[in-house]
Amino acid sequence: MFHRESGYYKTTYAADMALYPLPIARWTVAGIALAMCIAPFVLHAYYVSVINLILVATVGALGLNILVGYTGQISIGHAAFMSVGAYTAANLAVRLDLPFWVTLPAGGLMAAAIGAIVGIPSLRIKGLYLAIATLAGQLIIEWTINHVPWISGGMQASIEVPRPTLFGAQLRTQHQLYWFLLFFAVLAIVGTLNLVRSRIGRAFIAIRDQDIAAEIIGINIFRYKLLAFAISSFYAGVTGVLYTYYLGIANYEQFQIVTSIDYLAMIIIGGLGSILGSIFGAIFVTLLPIAIRLAMENWGAFLFGDADINNLIPNLRLMVFGGLIIVFLVLEPEGLNRLWRNIRSYFRVWPFSY
Amino acid sequence: MAAGAAQLRVEGVAKQFGGVTAVDEVSLEVQQGEILSVIGPNGAGKTSLLNMVSGFYRPDRGRIAFEGEDITNLPPSRIAERGIARTFQNIALFKGMTVLDNLMLGRHVRMKSGVFASFVYWGLAQKEEMAHREKVEDLIEFLKLEDLRKQPTGALSYGLQKRVELGRALALEPKALLLDEPMGGMNQEEKEDMARYVLDVNEERGTTIILIEHDMGVVMDISKRVVVLDRGRVIAAGEPKSVQANPEVIRAYLGTKHAIRKAA
Ligand SMILES: Nc1ncnc2c1ncn2[C@@H]1O[C@H](COP(=O)(O)OP(=O)(O)OP(=O)(O)O)[C@@H](O)[C@H]1O
Ligand SMILES: [Mg+2]
């Protein structure tokens with residue numbers, strides 16, 4: 001993630017395989033960790049709630065990146081997998097009064113199972129066709145949740161869910177939720193870092209890069225593609241559960257195709273096949289609409305009428321995303337992560353640039 | 001496996017593509033620990049034969065058995081699990097990955113860490129990584145790839161890529177190794193190195209080797225037995241010397257660009 005390469009030699013395999021082999025990288029991570037610990041004490045609840053959204057999105061972006069960036073498969077159905085997690089957890093929490101440490105993995109597992117099923121066509125089809133197959137998955141799941149009151153709770157397909165309880169105390173404020181969400185975001189980041197540097201993750205990358213060679217070294221392509229769908233959907237399911245706890249309500253409107261596109265935008269803009277990129281993407285895509293809203297509210301009145309502004313904001317958001325996805329796909333397929341690396345390597349030789 | 005029984009047995013195997021008969025009723029037996037060369041003019045069906053043994057093509061007819069068990073319809077990954085590794089005529093490395101990662105991937109079937117162990121890493125998965133890293137380091141030393149460990153394989157020269165691909169196949173600790181023109185496109189020095197590695201592997205590990213090669217000098221030097229394919233059929237088999245003198249073999253090669261050269 002963050003490291004300088006020159007002038008430092010590693011002596012053991014364990015050190016060579018460490019996540020952050022270089023001292024400066026460890027210091028950077030420690031600095032960020034410290035900032036994350038101080039942040040809630042100095043920030044207003046509104047800003048904390050924005051960070052909370054980023055934390056939730058990070059989990060989802062990491063999951064989608066495992067599938068798309070690392071395994072080379074595509075899914076336009078990820079929002080639906082999130083809704084599977086959300087409604088699974090909501091039903092368990094409301095009907096059976098189960099705590100988050102049961103509903104969270106349960107939501108993840110249910111989404112993993114559904115995701116693996118939606119991933120079955122990936123054995124035979126690739127690219128655009130797989131995209132359409134997963135899109136169909138998205139629509140079927142959306143429709144099902146919407147039309148089966150037993151799942152969706154009937155009234156407007158939403159279920160109110162009490163906020164999670166930790167050590168007997170309910171997490172009510174954004175500040176309290178922050179620690180809860182931070183824990184799972186960090187768990188997802190570290191887990192993903194570990195996953196992609198060990199046997200399973202290498203197999204995923206192998207399938208992405210060269211499926212024939214992957215088969216010849218004994219990787220069962222079908223099994224691993226389904227596994228990638230399952231793991232990725234597990235993250236999506238957990239994201240859905242976290243978001244539900246964040247909102248205090250499970251609502252299908254939060255998990256429509258637009259959300260699937262948002263998450264794809266995160267990993268494309270942030271960087272495919274990159275963990276840091278997933279985080280960058282989650283930050284960027286979460287902040288962008290807020291920035292657009294702020295900009296329009298402050299300066300939009302010079303150009304448009306009040307009524308127009310409210311219509312324009314969501315559309316502008318889509319237009320900016322669409323534009324950015326195209327720009328990044330064409331100009332910088334490795335996303336913000338690559339830009340970051342370029343900046344870093346610039347400073348690595350600074351002040352002796354060239 | 002009974003003593004003397006063949007390790008790999010190919011029986012009456014055939015494969016057609018549209019109107020082209022790539023492989024036509026080929027039968028052959030390979031003994032454990034043997035080095036067998038498969039030669040023949042371009043388009044003779046050599047690669048197609050390897051593709052059937054390694055599971056990429058399903059034979060239209062015939063049967064393939066490895067260590068007494070039928071592997072005819074197994075997918076490539078299952079065949080790899082049984083201990084058959086191979087390299088490709090036109091190199092199939094993971095080009096964006098380092099030499100080290102390519103070799104670690106070669107150990108896939110020998111490793112066990114599942115999703116949960118990988119996710120947690122510290123503990124089981126790390127221990128496994130280190131144990132296998134050591135095996136891979138032995139291979140890196142054997143193939144003299146020390147300085148290239150962290151290089152992406154796509155940036156290496158053709159000859160080095162072939163060597164890394166051999167390394168990846170060896171990482172699987174195969175019982176039988178199928179090499180499809182491992183010396184193709186190499187200069188004389190690289191060819192000699194490669195021949196040395198192949199012989200060492202065979203001698204030190206007892207690995208069975210099936211080698212497709214056009215360079216007759218190499219074939220004569222390292223193989224104990226040669227099978228000649230022409231238009232999908234076995235036209236001769238036996239010791240290198242006798243095969244080379246076989247009039248049918250000479251006829252098959254006449255006018256092809258790989259005319260048989262006198263062995264050194
Ligand atoms: N997948 C395929 N689809 C169609 N035809 C094929 C396929 N694979 C092989 N063939 C044909 O089968 C015949 C044998 O090809 P093969 O590649 O096995 O020959 P080879 O002996 O390996 O030749 P070379 O020395 O050029 O590598 C050729 O006519 C080839 O065009
Ligand atoms: Mg060939």
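Over all distinct alpha-carbon pairs, what is the Kirkwood Rh of chain B in angstrom?
19.3 Å
Once amide H atoms are built 1.01 Å from N in the peptide plane, which residues 5 or more positions from A:Glu332, or in another chain, come under 5 Å H to H?
none
Work out how far the C-alpha atoms of the range B:94-171 reach from end to end along every principal axis, then list the three figures in whole Å, largest first.
Its Cα atoms span 38, 23, 20 Å along the three principal axes.
Tell me, what is the percent relative contact order of chain A, built from C-alpha pairs under 8 Å that lie six or more residues apart?
Taking the mean separation of contacting Cα pairs over the length of chain A, I get 27 percent.
For the range A:24-103, I need the span (max minus min coordinate) of the C-alpha atoms along each principal axis, in Å, sorted largest to smallest.
Here the Cα extents, ordered largest to smallest, are 43, 38, 22 Å.
Only four residue types carry charge here, +1 at the Cβ of Lys and Arg and -1 at the Cβ of Asp and Glu. Report the dipole size of the range A:43-349 about the Cα centre in Debye, rounded to the nearest 20.
So the dipole magnitude of the range A:43-349 works out to roughly 900 debye.
Under the rule of at least 5 residues apart or a separate chain, name every residue whose amide H is placed under 5 Å from the amide H of B:Gln151.
Placed amide hydrogens put B:Val99, B:Leu100 under 5 Å from B:Gln151.
With all protein chains present, how much of the accessible area of the range B:94-171 (probe radius 1.4 Å) comes from carbon and sulfur, to the nearest whole percent?
Using a 1.4 Å probe with all protein chains present, the range B:94-171 comes out at 57 percent carbon and sulfur.
Between A:Ala33, A:Ala93, A:Ala131, which gets the highest mean-square fluctuation from a Gaussian network model of chain A, Cα cutoff 10 Å?
Checking each option, the largest mean-square fluctuation is seen for A:Ala33.
If amide hydrogens are placed 1.01 Å from N in the peptide plane, which non-local residues have theirs closer than 5 Å to the one on B:Asp24?
Close amide H contacts, sequence-distant or interchain: B:Lys15, B:Arg233.
Counting partner chain Cβ atoms within 10 Å of every residue's Cβ in B:167-174, what's the average?
Other-chain Cβ atoms within 10 Å of each residue's Cβ, averaged: 1.
Roll a 1.4 angstrom probe over the protein heavy atoms and tell me the percent of accessible area of chain A that is carbon or sulfur.
Reported share for carbon and sulfur atoms: 69 percent.
Quick check on the protein assembly as shown: helices-only [θ] at 222 nm, where DSSP H runs of length 4 and up contribute -39,500 (n - 2.57) each and the sum goes over total residues. Nearest 500, please.
Counting only the DSSP helices, I get -18500 deg cm²/dmol.
From the phi of every residue in the range A:314-328, what ³J(HN,Hα) in whole Hz does the Karplus formula 6.51 cos²θ - 1.76 cosθ + 1.60 yield, where θ is phi - 60° and glycine or proline is x?
These are the phi-based 3J(HN,Hα) values: x, 5, 4, 4, 4, 5, 5, 4, x, x, 5, 4, 5, 4, 5 Hz.
Excluding residues on the same chain fewer than 8 positions from A:Lys225, give the lysines whose Cα lies under 20 Å from its Cα.
A:Lys126, B:Lys112
Apply the Karplus curve 6.51 cos²θ - 1.76 cosθ + 1.60, θ = phi - 60°, to the phi angles in the range B:209-221 and return the couplings in whole Hz, x for Gly and Pro.
For the range B:209-221, the Karplus curve yields 10, 10, 10, 9, 8, 8, 6, 5, x, 4, 4, 4, 5 Hz.
Two decimals is fine: what's Rg over Rh for the range B:56-187, C-alpha atoms, Kirkwood radius as Rh?
1.01
Per residue, how much accessible area does the protein assembly as shown show when a 1.4 Å probe rolls over the protein heavy atoms, in square angstrom?
Result: 46 Å² per residue.
Can you work out ³J(HN,Hα) from phi for every residue in the range B:109-123, in order, using Karplus 6.51 cos²θ - 1.76 cosθ + 1.60 and θ = phi - 60°, giving whole Hz and x for Gly and Pro?
Using θ = phi - 60°, the values come out as 6, 8, 9, 10, 3, x, 4, 5, 4, 5, 5, 6, 6, 4, x Hz.
Determine the order of A:Met110, B:Met130, A:Met296, A:Met155 by accessible area, beginning with the largest, at a probe radius of 1.4 Å.
Per-residue accessible area, sorted high to low, gives A:Met155, A:Met110, B:Met130, A:Met296.
Kirkwood Rh over alpha-carbon pairs of chain A, then Stokes-Einstein at 10 °C and 1.306 mPa s: what D in µm² s⁻¹, rounded to an integer?
Translational diffusion coefficient: 74 µm²/s.
So how compact is the protein assembly as shown: Cα radius of gyration and Dmax in angstrom?
28.9, 94
Once the mean 1/r over all distinct Cα pairs of the range B:22-123 is inverted, what Kirkwood radius in angstroms do you read off?
It works out to 16.3 Å.
Can you list the residues of the range A:208-222 that have at least 30 square angstrom less accessible area with all protein chains present than in their chain by itself, probe 1.4 Å?
Relative to the lone chain, where solvent access is computed with a 1.4 Å probe, the range A:208-222 loses at least 30 Å² at A:Asp209, A:Gln210, A:Ile212, A:Ala213, A:Glu215, A:Ile216, A:Ile217, A:Gly218, A:Asn220.
Along the charge dipole of the protein assembly as shown, which of A:Asn251, A:Leu34, B:Val99 sits closest to the positive end, that is, farthest toward it, with unit charges on the beta carbon of Lys, Arg, Asp and Glu (+1, +1, -1, -1)?
Farthest towards the positive pole: A:Leu34.
Over all distinct Cα pairs, what is the inverse of the mean 1/r for the range A:266-354, reported as the Kirkwood hydrodynamic radius in Å?
Computed over Cα pairs of the range A:266-354, the Kirkwood hydrodynamic radius comes out at 14.6 Å.
Got the relative contact order for chain B handy, in percent, Cα pairs under 8 Å and 6 or more residues apart?
For chain B, the relative contact order is 26 percent.
Rounded to the nearest 100 Å², what's the accessible area chains A and B bury against each other, both chains counted, probe 1.4 Å?
Counting both chains, the buried surface is close to 3200 Å².
The values are calculated or read from the model by the stated rules, or taken from the named source; none is laboratory data. The structure displayed is predicted, hence computed values, not measured ones. Methodologically, a virtual Cβ is constructed for each residue, glycine included, from the backbone with ideal geometry; neighbour enumeration extends over all protein chains shown. SASA here: full protein model, heavy atoms, side chains in, ligands and nucleic acids out. Shrake-Rupley method; radii C 1.70, N 1.55, O 1.52, S 1.80 Å.
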